Each structure stands twice: as C-alpha cells, then as structure tokens.
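Quick notes on the structure that follows.
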C-alpha cells in the first residue's frame, strides 16, 4: 500500500474550498499591483498638466513606500490577532478608496496627493501578511510552493496589465479615469471576498468534512502565548537569513521594475513603444517560470526530498542564476540578446518564489503573518535605496554596467547567507 507523503492533500478530484481562498488572494495581489503600478504611466500626463520637475515626480512615486513600510509589521500583528479575512478585506477597501481619491487629491495640491499616496501604501502593506495568515490554515505543506508562487505571480501579472492598459486609458479618457477604473476593481473584489472568504476551515460550513479534516491535521499548533515571540525572531539565524534574503531578492525586482524601460530606451536605443514591449516580456517570463518552479518544488517535496534542501535549491538557483544574467548583459549592444538576458534575470529570480517566500510558513507557521510583515519591511528598502542608487550609478558612469554588477553582488551575498543559515524546520512554535 502506497503511503501519502507528509503534508500532502488527499487524492480527490474536483474543486476544493481552499482553492477559492487561494484564488481570491491571488486576485487581490493582481488588484494591488495594478493600483500600485498605474501611476508610473499616468504620472507622465500628470507631470505635463501640473508642471512637475523630475524631482517632484520622483517624490510622488516614492511617497507610496512611506506608508507601505510603516504599516507592514503592524498589519502582520493585526492579522495574527483578528484574522486575515477582515484585515485583507478592509485593506483592499482602504487602498481602493485612496486610489479613487488620487485625482481629487492631485487637483487640491501636491501635499494632498502625497498624503493620498502614503495612505494608499498603508493599505497595501496588509496584502501579504493577511494572505499568509490565511495560507497558514488553508494551504497544506505539500501545496505551499505552488500556492505561494501563484500568489506572488499576481505581481508580474498586475504589472503587465497596468503597463499595457494605463497608457491607452489615459489617451482615450484622461489620466483621472485610470484611478477611477482601477479603484472600482478593488470594490468589486471586496464584494466577492466578503461573500466567499473565511478565516478558518474548522468553522467554515462550506468546507467539506474530508478537506476540513486534512487541513486541520496540518494546522499550526495552538498558541502557547498571546504574545509574539519578538526576542526569538531577533536571535534566530534562520529568521535573519529570511530577512536578508527578502531584501536581496527584492533588489533585482524593484531595480528592473523602475529602470527596465529606461535601460531599453537609453542603452539599447529603442523608442518608447519598443521599450515598453521589450520591458513586458521579462515580466511574463517571470510569471511563467515562477509558477513552473512552484510545481517543481512541490513535486520534489512529494517525492521525498527534504524541504530544507528544496528551499535552498530554489533560492540559490534563483539568486545566482539571475546574477549570472545581469553580469552577462553588462556590455551587450544587441537589443534582442539583452532582452533574452533580462528574461533570464527575472525568470530565474522567480525561482525564489519557492525558496524564501514560502519559508515564512515553514519556520513559523503560527506567526507567518507577523514574520512576513517584518521581512517585507526589509524587502521594501530596495524599492527606495536600490532604485535611487541605480539612478546615481547610471548618472555617474553613463552606463548600467555598475548597477547590474551591484545587483548581482547583492544576489550572491543573499545566496551565501541562505546556503549556510536557512532551514525549513519550524523554529518558532
């Protein structure tokens, strides 16, 4: 008689209740990123209308991250206390309100617009901690790589959608319409969420008994204390490895999110339309490879490969592979070769979706929401300093080579830390 690997779901067919929860979380990430990225295109028209300098435009774009960083850790604590359903639903409603209010805030004045962007960042900060709170109860261990990869896959999909549609909406209806339409999508999501989501399979009447029994058998153990073990978080090497790798993995993500179109235009001599098309391909590659990596990681786990080994293989492959592509593209002058290497850089980086990203659930299943809030605070820092340093290096050297070398070095540092200190064994009860 064949045994079922630990953490595996029963071999039953049909739609499972947990798929609804996971699917709605993925859709929330998609909405999160279309609302976050749309201003990167709409701001061009806003700059022309209001006469902003490049410095002012940069202030508008970066102000979002102030709220995003401030509420990241508190949102994880809040989800841990009252549940991910309410926190995520309230968060999407909150950031959707401020998305819709963006045009009015801009018309009032720059300080009001910056305040609206900060407020929007406060709401989006709760996205991933809330989802992790729900994943801890709704996703069995053998499905976590795929479920988390699909969740993170909402990032490139939302980015692609926003980049491809925002320009057309601005051209046809004006920049105001972008914020109204995208904000409305968040309210539509909220209606679906509060109708269909539930915090706990143990109390969900729509969860079939067999699925409920399976999920409860893998649920996090009861809390020994209502207090979050902050001291243990601060003194555990595996958690520091996770903290550092969230920072390192996001460096390439934010650098290319901000600078890829400029790279293709300035370094490869493409026009704006061509640069946009070329910039989209690496994000599509990232989505495809990231989800294939999730399937591969779960297959390895089900095949008996130690979970720590799986996490190390995926994370190190992602960081080192991406670094090799960035080092190789330094002096490339052919746009199509550069495109292939950029697809490789982001595609291989997506293997980290099955490395550090689900590791929060591995090592601290009861506090994965809080831990995600902490490590994603570190992961937001490259969105500020990494993007700024990249621009400074390009100005100072006249090329992107130094910026790519720096990013590759950050990746390799993260890989070394992960190799020696990461684990998938629970370190926090």
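The single residue among 129, 221, 205 that is modelled with pLDDT of 90 or more and not in a helix (DSSP H, G or I) turns out to be 205.
Within region 382-392, is there a residue that is over 25 Å from residue 234 (Cα atoms), without any contact (Cβ under 8 Å) to a residue 12 or more places away in the chain and either buried (at least 20 other Cβ atoms within 10 Å of the Cβ) or not assigned by TED's automatic domain parsing to the domain that holds residue 127 (or both)? Explain how you work it out, then say what you get.
Just the residues of region 382-392 that are over 25 Å from residue 234 (Cα atoms), to begin with: 387-392.
Right, trim to without any contact (Cβ under 8 Å) to a residue 12 or more places away in the chain and you get 388, 392.
If we keep only those that are either buried (at least 20 other Cβ atoms within 10 Å of the Cβ) or not assigned by TED's automatic domain parsing to the domain that holds residue 127 (or both) too, we end up with 388, 392.
So far as region 382-392 goes, yes, one or more of its residues are over 25 Å from residue 234 (Cα atoms), without any contact (Cβ under 8 Å) to a residue 12 or more places away in the chain and either buried (at least 20 other Cβ atoms within 10 Å of the Cβ) or not assigned by TED's automatic domain parsing to the domain that holds residue 127 (or both).
Considering region 270-284, and only residues there that are surrounded by 20 or more Cβ atoms within 10 Å (Cβ to Cβ) and within 11 Å of residue 160 (Cα to Cα), the residue that is modelled with the lowest pLDDT turns out to be 279. Can residue 287 be described as in a loop (DSSP other than H, G, I, E, B), closer than 22 Å to residue 247 by Cα, touching a helix residue (DSSP H, G or I) at 6+ places or on another chain (Cβ under 8 Å) and not assigned by TED's automatic domain parsing to the domain that holds residue 154? So residue 287 fails the test. Considering the conditions (1) outside any helix (DSSP H, G or I); (2) at pLDDT 95 or above; (3) surrounded by fewer than 22 Cβ atoms within 10 Å (Cβ to Cβ), residue 339 is excluded by exactly one of them, (1). In the set (1) surrounded by fewer than 16 Cβ atoms within 10 Å (Cβ to Cβ); (2) under 22 Å from the mean Cα position of the chain (by Cα), residue 80 fails one condition alone, (1).
The values are calculated or read from the model by the stated rules, or taken from the named source; none is laboratory data. Fair warning: this is a prediction, and the values are worked out from it, not measured in the lab. Glycine gets a Cβ as well: all are built from the backbone with ideal geometry, and neighbour counts include every protein chain shown.
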